[in-house]
Structures are given as C-alpha cells and as structure tokens.
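The values are calculated or read from the model by the stated rules, or taken from the named source; none is laboratory data. From a predicted model like this one, the values you see are computed outputs, not experimental measurements. Every residue, glycine as well, gets a Cβ built from its backbone with ideal geometry; the counts of neighbours run over all protein chains shown. Each accessible area value is taken on the protein alone, full model and side chains, heavy atoms only, with ligands, DNA and RNA left out. Shrake-Rupley method; radii C 1.70, N 1.55, O 1.52, S 1.80 Å.
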Amino acid sequence: MNTTQTAPQRPLEGVRVLEMGSLIAGPYASALLAQFGAEVIKIEPPDNGDPLRKWRKLHEGTSLWWYSQSRNKKSVTLDLKKETAREIVRQLTQEVDIVIENFRPGTLEKWGLGWDALHAANPKLIMVRISGYGQSGPYRDRPGFAAIAECMGGLRHVTGYPDRPPVRVGVSLGDTLASLYGTIGALMAMHHLKVNGGQGQYIDVALYESVFAIMESLIPEYAAFGHIRERTGSSLPGISPSNTYLCQDGQYVVIAGNGDAIFRRLMHAMGRPDLADAPQLARNDGRVQHNQMLDDAIGAWTGRHTQGEVLAILEQAEVPCGRVYTAADINNDPHYAARGMIERRELPDGDEIALPGIVPKLSATPGETRWIGPALGEHTQEVLSRLGLNAQAIAQLQEQGIC
C-alpha cells in the first residue's frame, strides 16, 4: 500500500506576479494571490523598503502587519528612480503574468514603465492599476488614500450617529476593497486570456469606486425618490429589526431579527406573541413603520437579562445574534481555532506571531502560509540571478545603490 502523501496542489501554481507598490491597496491584492500559490516578486526601495514595515505595532523594528500581509512574497530591492533598476523591471515583466501597482497615475509612464510600454513588450501581460481616482477623469492626478475614498464613495456619510460627525469603520476599508476588486479583475483577465485567447489587458481600479460599488441602494433611492441616506448609528436603515441592544450586565448584543420567520421566532422568545402575530408586522415594510416601537420592546427585554442569557435564549430560538468581539475574543474563540483562522508562526528571533487564517477556503486546493513577510531584499539575488546576473554583478548594483 502506497502511503506517500503529496502536498495539495496550489491553484495559482506557476503564476508569476510582479508587485510595484506600497502600503495596502496594491500589496494586499498580490498578497491574496501569493496565499494561493502565485510567485509574487515585490519591488521595494533599497533604503527603507515598503513604509508598511514601520506601520502600527513593531516587533524588533518590523511591523507585525508587514509579517502578515507580506507572507509568501519575495522581496527584491530596486531603486526605480534609477534607469538601471527600471531596465531590470522591464526584464522582469517579460517573465511574469501579472503586474500590480498602486502609484499615482502617470508615475510609471514617467519612468517608461507604463501600460503601453509593458504591453508592447509582453502582449499577454495583465496589469492591475490601483489609484485613488482611476487612470482617467478630472481627478486622476490627485493623491488618494482610503480615508478620502471612503468619503467620496459615500460610506463615511452614512457611518456613525446622526448627531455626531461621520466616523471611519476602523480599518482601511477603501484599500482592501480595491485590493479585492483588483484581484478579481486579474483572475477574470487570466481566464479570458486562457479561454478566449488574444492579448492581456489592464484593470483600472479606483479606491473611491471600490467603496461606491458596495453602497447597496444608495443611488437608486436618490435617483427615484431624492432620498439621501443619513447616519443611523447601530441600526440598519430600512430593515427591521436589526440593532445593538444593552443587556442587564452592561454588555451589548447585536440582534438581526429582520427576516419574517426570524422576527416571529424572536418575538416568541421574548414572550411577545402579540407582536409576533400582529398583521402589520408580518413583513419588513410594515415593521419599518414601527421600528422604534420594536427597538424599544427588544431593548426592554435585553435589559432584563444578562448578555449570556440573551445569547442562550436566542440561539435556542435560532435567531441570529452575537456579542461584539474584541481582538482577545477572536484570539481565544474555539470556532476561530476549529476553522484554522488563527495561524501560529515563528518570527526571525523565535518569538511566536499569530496571523489571520487564509480565506476563502478551497476544499481541494487551499491557500497556505509558506513563510511570513521577508526581510528587506531577502530574495534580490535569487530573482536577479534568473535574469543572468551573477553574484558579482549584483554586488556591484548594490554598491551603486541600484538594488
């Protein structure tokens, strides 16, 4: 009997990606590809590398975020302000399937590395271009970050409480949304190239459009009724009941009782059959008209019970509910552990680091963490030697500050 085990095949095995970018939007897109087997060559400035290396909490001088986001990537140092470095990039683009960049529009063109030049040299190349406002339009030259994109995309205006200034959602959502759209675009372009033939193409991703694309019925409601959605705090506007409620012990629960059958189960669990059977509350459009009354009733009920009691009662009643998790809650949660969503790895000095698990979960070809974020320039010699440069030539480039 053959007991030899083979490693699971990686779905993007053989795909090569060249990443020219920094911080989040471009690098996170290539991170997703790296997690599923693509070889990602990340270009970094020789002196300090990607600024993300110094963002948020540092361990021995390096960001923990860096170790997570840059897992499975190969770090190559090149000073793109120098022509010799740019020529090396041109050679690398002959060897890759995808280029991902998040410079301000026009930057790569100024360096002779724009789409027209790279496409002419490699017609099958796919290029993901992520920027604040896109590659065209009157705002294309403006600098853009996720915070601004979330404002322009409509998200900030509806986030928070109506009597307070708009707030951010707590993470750089505009960046990560753009990364996801960039990754999806790259995979669609790869499929098109494989199935339909022809040439490569570039994917134009704007941060503000990535935010705007998830804004649900915001524009249809304005176009049809002149309705401008405003901030509604923790409630879900136009969908009832769905809110955050205070419990007897000072803890909060989120209850989503907005499905018709779920609403009836919720009311029965609360001991309110009168509301469960009220004809005017049978459908969402009716409940919305009485949303404040329903919120008051639910809040009165949760106020008589501890958080644990509320969660137990509603779980038994099959009503979607939950507490608000902190990082500590996530780290210690058995469901996260059971699904492999907290990975334990080793830092260069031997200390342990916990990383978010990889999603989505493919049954036959799952993603994996092969190594954590690399040291600056760790793979420069390996990658450049593939272009025919020997150790002496690479050393000379390093002495000249080119790599």
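Key figures
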item	result
Over 24 Å [Cα-Cα, region 289-403], rounded percent	61
Cα long-axis angle, helix 291-302 against the chain (0 to 90 degrees, to the nearest 10)	90
For region 1-131: rounded, prolate or oblate by the Cα gyration tensor [a/c cutoff 1.5]	oblate
Proximal charge balance of L78 [Cβ under 15 Å; K/R count +1, D/E count -1]	-4
Equivalent ellipsoid, region 340-400 (semi-axes from 5 times Cα gyration tensor eigenvalues, Å)	34, 17, 7
0 to 90° range, to nearest 10: angle between helix 307-316 axis and the chain longest Cα axis	90
Separation of the C151 and R90 label points, Cα + 7 Å toward Cβ, nm	4.0
Helix 173-196 vs. the chain, principal-axis angle (Cα, 0 to 90°, nearest 10)	60
Radius ratio Rg over Rh of region 84-215, counting only Cα atoms, Kirkwood formula for Rh	1.06
Accessible area of the chain belonging to carbon and sulfur atoms, whole % at 1.4 Å probe	53
Distance in nm between pseudo-label sites at S234 and S136 (7 Å out along the Cβ direction from Cα)	4.6
With at most 14 other Cβ atoms within 10 Å, longest stretch of the chain clear of loop GluC sites (Glu not before Pro) (DSSP)	96-215
Members of K42/K82; K42/K81; K57/K110 lying beyond 28 Å, as alpha-carbon distances in this model show	K57/K110
Where N is the number of residues in the chain, Cα Rg divided by 2.2 N^0.38 Å	1.18
Set of aspartates and glutamates near K361 by C-alpha distance (under 17 Å), chain-local residues within fewer than 8 positions excluded	E13, E343
Distance between modelled label sites at S217 and E60, nm, 7 Å Cα→Cβ extension	5.4
Accessible area of region 145-300 divided out per residue, in Å², using a probe of 1.4 angstrom	54
Beta bridges per DSSP with both ends in region 15-111, % antiparallel, nearest 5	10
Percent antiparallel among DSSP beta bridges (both partners in the chain, rounded to 5)	40
Contour minus Cα-Cα distance for E309 and R168 (0.36 nm per residue)	47.6 nm
